[in-house]
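Asker: Can you keep this structure in mind? I'll have questions shortly.
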């Protein structure tokens, strides 16, 4: 086969450092989501849906063929942190949390995950980010150490 093709979909989740609600203002949050999607696209990982709440982000994306998950996440966070610092929102020295959760998504599940990412504000009226992440980790059979899960 002369072409290299891939359809690998990932649901990425990460929060602001210490889950500080720095994305509280809806217009800024929506702009940040657009920017995150643009960064992901530039890295060769076209976003399908970006969403989240005041303290965390979900990115549903197709992983590019030439980038690792770790490099994709590192660059999305690095570039977007620089962008947030350049915005005049009164947040000095913005940082994302050090870690992240990346979960595989089957092609047939894309619509369901799009809806899930889209419905984050409603979802988090009753479920905390910590409980959400624990559930995702358990659903994907990922072992984790609660003591080292948060920063």
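Asker: Which one is modelled with the lowest pLDDT, of the residues in segment 25-36 that are part of a helix (DSSP H, G or I) and under 23 Å from residue 130 (Cβ atoms)?
Answerer: Only one residue fits best here, namely 26.
Asker: Next up: Does segment 6-19 hold any residues that are within 29 Å of residue 109 (Cα to Cα), modelled with pLDDT of 90 or more and not in a loop (DSSP other than H, G, I, E, B), and which are they?
Answerer: Answer for segment 6-19, where residues must be within 29 Å of residue 109 (Cα to Cα), modelled with pLDDT of 90 or more and not in a loop (DSSP other than H, G, I, E, B): 9, 10, 11, 12, 13, 14, 15, 16.
Asker: In segment 18-30, which residues are touching a residue at least 24 places away in the same chain (Cβ under 8 Å) and loosely packed, with under 15 Cβ neighbours inside 10 Å?
Answerer: If the condition is that a residue be touching a residue at least 24 places away in the same chain (Cβ under 8 Å) and loosely packed, with under 15 Cβ neighbours inside 10 Å, then 18, 21, 24, 25 are the ones that fit.
Asker: Let me ask another. Taking the conditions exactly as written (in contact with a strand residue (DSSP E or B) (Cβ under 7 Å, 6 or more places away or on another chain), part of a loop (DSSP other than H, G, I, E, B) and either closer than 25 Å to residue 150 by Cα or modelled with pLDDT under 95 (or both)), does residue 22 satisfy them or not?
Answerer: Yes: the conditions hold for residue 22.
The values are calculated or read from the model by the stated rules, or taken from the named source; none is laboratory data. Here the structure is a predicted model, which is why all the values come from computation and not from measurement. Every residue, glycine among them, receives a Cβ derived from its backbone with ideal geometry; neighbour counts consider all protein chains shown.
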